Amino acid sequence: MTQWVDAAVNEQEAVDALADLMRDRVTAIVAGAGMSTDAGLPDYRGTGSSGNPTVDFDLFMSHKKWRRWVWQRNQETWKGAAALTPTAGHRAVAAMQRAGLVNGIATQNVDGLDMKAGITNPALLHGTFDLVDCVQCGAQFERAEVDTWMRELNPDVVDDLDPARVAILAQMDEAAADATEFEPAPCPLCNGILKPNVVFFGESLPSAAMELAFRYARDADVVLVVGTSLVVGTGLWVAHEGLQYGADIAVINRGPTQIDPYAKVRIEGGASQVLTAVAHCLGVEF
């Protein structure tokens, strides 16, 4: 039977319930957008996007105008994400990992805040904003390095540092795509197409990250879902992997999730609020 607790009504009951489930056990975290809302990024409430169609992988690869548009939006907004600092929730997970209570995090986020917080070896299910890939030769580059190439070709680009407008995936805007004159830099090694290391719709998920996430879930006593409705199937697959191997499921989220029927503890609340209190309850300081 699921123990449902609203942290806004009774935070201590919520914290005690989750801490009791995690105490002296190993927990794997499955995280979504709600993990990063306190850093200033929007929470899309389970859609995985703003709800509007985005440029998919096939369009990006087959039409230069869409590559121009994707890279214009990426170039304009990536520094807004790069400037963000980890939330208290990220720091709590990092501290619980150092204490041996958490074996790893599988995140649907691409903001890089997990590693900034000190979380080691996160499974990046949807890639990361911090890297760029060549789709031809497979070379990988730091986003900050690619920034210099993009600016040389596009000196008039204007940074938009508001994290609420970060273009993780560029919206389908045909008029804007037709009008853009942005010139993406090619791969310096093979002259191939560069692509942000973010998983586009229609693109295969990163196999190494998925296998790492499944391993975290299989090796855990508890799989804790944080800040995601799991409408996007990636995180749901990871949670079900843990469930199949005997893990208890717990949830911290604002709004329903796809895994709620299987949860032992279901907390309605914010990630930072609850994770910070749970870490302290388990004797973990940070």
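The values are calculated or read from the model by the stated rules, or taken from the named source; none is laboratory data. Note that this is a predicted model, so its numbers are computed, not measured. Here the Cβ is made from the backbone with ideal geometry for all residues, glycine too, and neighbour counts use every protein chain on show. When the accessible area is computed, the model is the full protein with side chains, heavy atoms only, and any ligands, DNA or RNA have been set aside. Shrake-Rupley method; radii C 1.70, N 1.55, O 1.52, S 1.80 Å.
Just so you know, in the range 104-162 the residues that are of a type in the set (A, V, I, L, M) and part of a helix (DSSP H, G or I) include one that is surrounded by the fewest Cβ atoms within 10 Å (Cβ to Cβ), and it is ALA144.
Just checking, does the range 25-44 include any residue being farther than 27 Å from GLN97 by Cβ, open to solvent by less than 40 Å² (accessible area, probe 1.4 Å) and at pLDDT below 95? No, there is no match, as no residue in the range 25-44 is farther than 27 Å from GLN97 by Cβ, open to solvent by less than 40 Å² (accessible area, probe 1.4 Å) and at pLDDT below 95. Each residue in the range 179-211 was checked for being open to solvent by 20 Å² or more (accessible area, probe 1.4 Å), in contact with a Gly (Cβ under 9 Å, 6 or more places away or on another chain) and within 18 Å of ASP114 (Cα to Cα), and 3 of them qualify. Summed over the range 191-230, the residues that are over 14 Å from the mean Cα position of the chain (by Cα) and on the phi < 0 side of the Ramachandran plot give a count of 23.
Give me a count of the residues in the range 226-251 that are in contact with a helix residue (DSSP H, G or I) (Cβ under 8 Å, 6 or more places away or on another chain) and part of a loop (DSSP other than H, G, I, E, B). Of the residues in the range 226-251, 5 are in contact with a helix residue (DSSP H, G or I) (Cβ under 8 Å, 6 or more places away or on another chain) and part of a loop (DSSP other than H, G, I, E, B). Here VAL55 does not fit the description of being open to solvent by less than 20 Å² (accessible area, probe 1.4 Å), out of contact with any Ser or Thr (no Cβ under 8 Å at 6 or more places or on another chain), more than 17 Å from HIS126 (Cβ to Cβ) and of a type in the set (A, V, I, L, M).
The residue that is farthest from VAL199 (Cα to Cα), among those in the range 163-178 that are part of a helix (DSSP H, G or I) and of a type in the set (A, V, I, L, M, F, W, C), is ALA175.
Within the range 185-211, being assigned to a loop (DSSP other than H, G, I, E, B), within 16 Å of TRP69 (Cα to Cα) and among the aliphatic types (A, V, I, L, M) holds for ALA185, ILE193.
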